[in-house]
Amino acid sequence: MIMSFENNHSRDRSATCSSPKRNSASASARLSPRADHVKVNPMNRSDLNPAPNRARVWIASLLLSVSALGLPATPALAQGVVQSTGAAERIDITERVRALSQRIGVAACHVQAGSDVENFKKVATDAIAEFDRLMLGLAEGNPELGLPAKEEERKVLAGIRGVDLQWQTFAGQAKTLLDGSAPADGWDYVARQNLNLMHSTKYLVQEIINAYANPPELLQSHALTLDIVGRQRSLALQMAKEACGLANGNKVVGNSFRFAKTVRLFEASLNALANGFPAAGVITPPTPEIAAKMAEIQADWAAVKPDVEAAVTGVDPAASVELYKKLDAITTKFDEVTLMYVTASKSGI
């Protein structure tokens with residue numbers, strides 16, 4: 001998978017270490033999201049707009065961890081419609097689960113800050129119920145979700161149990177925040193725990209790709225692209241959550257460095273999806289409808305980016321609520337385009 005929280009697979013390490021003198025390897029290492037030694041000035045808005053060459057290396061480094069799964073880049077599309085085992089749907093649903101963890105996080109932040117409390121309580125309550133529904137579907141099957149049968153892959157089941165273990169603790173603490181019974185450090189715990197929940201969903205997606213990215217049902221390049229496009233929803237909501245933290249002085253929830261990093265990751269991935277990144281296995285939009293939707297999302301992002309840049313140094317709480325609404329609208333469009341990718345992954349084009 002590609003993300004700011006990617007695993008350092010042994011394949012990545014050996015490839016990097018075996019050629020220490022190669023400029024491409026050193027550049028990738030320097031620009032990797034895990035390279036914490038790279039200094040980013042959170043007050044410098046140019047950090048949100050990397051130069052084109054640097055951006056290409058940045059995107060490539062983001063994609064390394066997915067390539068390390070052993071999935072060769074295959075830009076061709078499947079020919080013909082095959083009997084579905086819910087492979088593409090499983091990736092989409094797990095990415096939806098990941099996004100819900102961030103939706104609950106941003107809602108809890110605004111509840112704690114006293115901003116639009118009743119609305120955000122409902123946002124969190126609905127997200128908790130949907131999280132439970134999706135996780136049950138992944139484990140037991142749900143034809144309405146495109147999951148025809150219960151999960152039987154051993155490693156995928158282990159991943160589901162791992163997410164559920166994190167979820168039970170997280171959901172319990174989130175509910176205490178919503179009903180006002182949380183201890184003084186309750187929000188701090190939930191803020192940290194939602195990161196653990198994100199990590200566990202990342203592992204689950206990896207296991208699903210390993211188990212289900214098999215032609216003819218799901219080409220490996222489609223699995224990779226589905227992972228990226230689905231992950232954009234989490235990043236948009238993570239931005240909203242971190243902006244809330246910045247606006248309300250809650251450094252556990254968001255700080256300028258981490259916020260700028262999330263923005264760069266979202267934007268680099270958006271550009272890769274809109275234009276394709278064949279060298280890393282990201283397909284170009286496979287249908288005119290998907291291309292049009294991606295162009296629409298790019299336009300929406302260009303419109304909201306000034307507000308995002310302003311949030312780097314902190315905005316008032318009311319402005320952070322409005323930013324959430326704008327980023328949530330982008331999340332909704334990513335819901336739509338992800339389903340379009342799911343359909344395209346099944347159809348011969």
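The values are calculated or read from the model by the stated rules, or taken from the named source; none is laboratory data. Remember, it's a predicted structure, so these values are computed and weren't measured experimentally. Note: ideal-geometry Cβ built from the backbone for every residue, glycine included; neighbour counts use all protein chains shown.
Which residues, counting only those in region 262-285, are part of a loop (DSSP other than H, G, I, E, B) and buried (at least 21 other Cβ atoms within 10 Å of the Cβ)? Working first, answer last.
The first filter runs over region 262-285 and keeps only residues part of a loop (DSSP other than H, G, I, E, B), leaving 276, 281, 283-285.
Passing the criteria: Gly281, Ile283, Pro285.
Checking region 174-182 against the condition returns a match, with at least one residue being crowded, with 21+ Cβ neighbours inside 10 Å, more than 22 Å from Ala310 (Cβ to Cβ) and at pLDDT 85 or above. Checked against (1) at pLDDT 95 or above; (2) surrounded by 17 or more Cβ atoms within 10 Å (Cβ to Cβ); (3) within 30 Å of Leu145 (Cβ to Cβ), Leu323 passes all but condition (3). I'd like to know if region 112-131 contains one or more residues that are surrounded by fewer than 23 Cβ atoms within 10 Å (Cβ to Cβ), β-branched (Val, Ile, Thr) and under 27 Å from Ile228 (Cβ atoms). Yes.
Taken over region 182-221, the criterion of being closer than 24 Å to Ala149 by Cα and over 17 Å from the mean Cα position of the chain (by Cα) is satisfied by Asn210, Ala211, Tyr212, Ala213, Asn214, Pro215, Pro216, Glu217, Leu218, Leu219, Gln220. For region 247-254, the criterion of a residue being over 24 Å from Asp132 (Cα atoms), surrounded by 21 or more Cβ atoms within 10 Å (Cβ to Cβ) and over 19 Å from the mean Cα position of the chain (by Cα) is satisfied by at least one position.
Which residue, of Ala149, Ala174, Ala127, Ala158, is of a type outside the set (D, E, K, R), touching a residue at least 24 places away in the same chain (Cβ under 8 Å) and within 17 Å of Val205 (Cβ to Cβ)?
Working: Ala149 fails: within 17 Å of Val205 (Cβ to Cβ); Ala174 fails: within 17 Å of Val205 (Cβ to Cβ); Ala127 fails: within 17 Å of Val205 (Cβ to Cβ).
Only one candidate qualifies: Ala158.
Evaluate region 174-188: report whether one residue or more is in a helix (DSSP H, G or I) and among the polar types (S, T, N, Q). Yes, the conditions are met somewhere in region 174-188.
Apart from one condition, Ala149 fits all of (1) of a type in the set (A, V, I, L, M); (2) under 29 Å from Ala88 (Cβ atoms); (3) in a helix (DSSP H, G or I); the exception is (3).
May I ask you to list the residues in region 293-319 that are exposed (fewer than 13 other Cβ atoms within 10 Å of the Cβ) and at pLDDT 95 or above? Walk me through it before giving the result.
Going through region 293-319, the residues exposed (fewer than 13 other Cβ atoms within 10 Å of the Cβ) turn out to be 295, 299, 302-303, 306, 313, 316, 318.
Across region 293-319, the qualifying residues are Ala295, Ala299, Ala302, Ala303, Pro306.
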